[in-house]
Amino acid sequence: MSEIVQLPQAAGPIGVFDSGYGGLTIYSEIKRLMPEYDYLYLGDNARAPYGTRSFDVVYEFTRQAVEFLFKQGCHLVILACNTASAKALRNIQQLDLPALDPSRRVLGIIRPTVECIGCITKSRHVGVLATEGTIKSMSYPLEITKLFPDIQVAGKACPMWASLVEANEHLTPGADYFVKRDVEALLERDPEIDTVILGCTHYPLLYDKVRSFVPAGVSVLTQGEAVATSLKDYLARHTDIEALCTKGGDTTFYTTESAEKFRQQASRFLNHPVKANRISLV
Ligand code: DGL
């Protein structure tokens, strides 16, 4: 009787996906903490922003991105996008992975962000600023309540913010109007908030503006560090997946928009220019 021989799987880069440039704020922290791995970054810039799109569309676009990253050899994909994590992660993990390849992994960034909240807030009142899709999904309140039932969560959708960052308009006086309006609306919803989560990977570029509109005692949190630390811990605990991540210290960037535009714009996030390749997901 012939024996079934399992061929060893070829290792590949860690995939990092976002609707556009925002995921670079997550990628840069991951790369800083774990420079030894190879990464493949994909920004679906041609179809960004995702934040105002329906559940079905965000799921469809994210699934296409994950399939592309798998085809490039990624065994582990990070959805460095809250909107995709909120609206597509569960379906991809439960419906698509079993059919595509159950040995591969797709992780989101909401859970690792939420995990560190418990020891930061003292008032136990937390605010979330995020895209319309993330806020409507209720993912943050649901995840926070699961881990810390005593914490109250208020959210405010910021429909303009990701577009302002994508379009490089986030430092203009026009951006002040939207940031002030949405931050004030959040704090009006719950004046006891002492911790504000920037729950969209584009928002770290608006950090200084947000900071200027919240009282001094309120902490403003970005996600990159928490996500990177959590990924490091994940790789230490999942040695089978870790063994399938190549270690050459290289990153390849893909975009669905112009490669030249990505090259120029990405330097706003990474402080150095990058070479990008244009691809199509459809
Ligand atoms: N950067 C993404 C997020 O974290 C999405 C922004 C958008 O495309 O609307 O939610």
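Meeting the requirement of 2 or more residues that are within 16 Å of the ligand (Cβ to nearest atom), the helices (runs of 4 or more DSSP H) wholly within the stretch 190-255 are 207-213, 224-237. For the stretch 219-239, the set of residues classified as in contact (Cβ under 8 Å) with a residue 40 or more places away in the chain and not hydroxyl-bearing (S, T, Y) consists of L221, Q223, G224, E225, A226, V227, A228, L231, K232, L235, H238, listed by residue number. Checking each residue in the stretch 188-210 for being surrounded by fewer than 19 Cβ atoms within 10 Å (Cβ to Cβ) and in contact (Cβ under 8 Å) with a residue 40 or more places away in the chain picks out R189, D190, E192, D194.
E67 meets the conditions (1) within 26 Å of A236 (Cα to Cα); (2) among the charged types (D, E, K, R); (3) buried (at least 21 other Cβ atoms within 10 Å of the Cβ) in every case but one. The failed one is (3). Between K247, K275, K232, the distinction of being closer than 19 Å to F70 by Cα and surrounded by fewer than 17 Cβ atoms within 10 Å (Cβ to Cβ) belongs to K247 only. For the stretch 4-23, the criterion of being at pLDDT below 95 and among the small types (G, A, S) is satisfied by at least one residue.
Any chance you could count how many residues in the stretch 42-60 are assigned to a helix (DSSP H, G or I), within 12 Å of the ligand (Cβ to nearest atom) and surrounded by fewer than 24 Cβ atoms within 10 Å (Cβ to Cβ)?
Result for the stretch 42-60: 4.
Of all residues in the stretch 88-130, count the ones that are among the charged types (D, E, K, R), touching a helix residue (DSSP H, G or I) at 6+ places or on another chain (Cβ under 7 Å) and either over 19 Å from L24 (Cα atoms) or modelled with pLDDT under 95 (or both).
So the count comes out to 5.
The set of residues in the stretch 129-170 that are free of Cβ contacts under 8 Å to residues at least 12 places away in the same chain and under 16 Å from L205 (Cα atoms) comprises A167, E169.
Only residues that are surrounded by fewer than 17 Cβ atoms within 10 Å (Cβ to Cβ) and more than 17 Å from the chain's Cα centre (by Cα) were counted in the stretch 137-151, giving 6.
The values are calculated or read from the model by the stated rules, or taken from the named source; none is laboratory data. Note that this is a predicted model, so its numbers are computed, not measured. We place every Cβ from the backbone using ideal geometry, glycine too, and count neighbours over all the protein chains shown.
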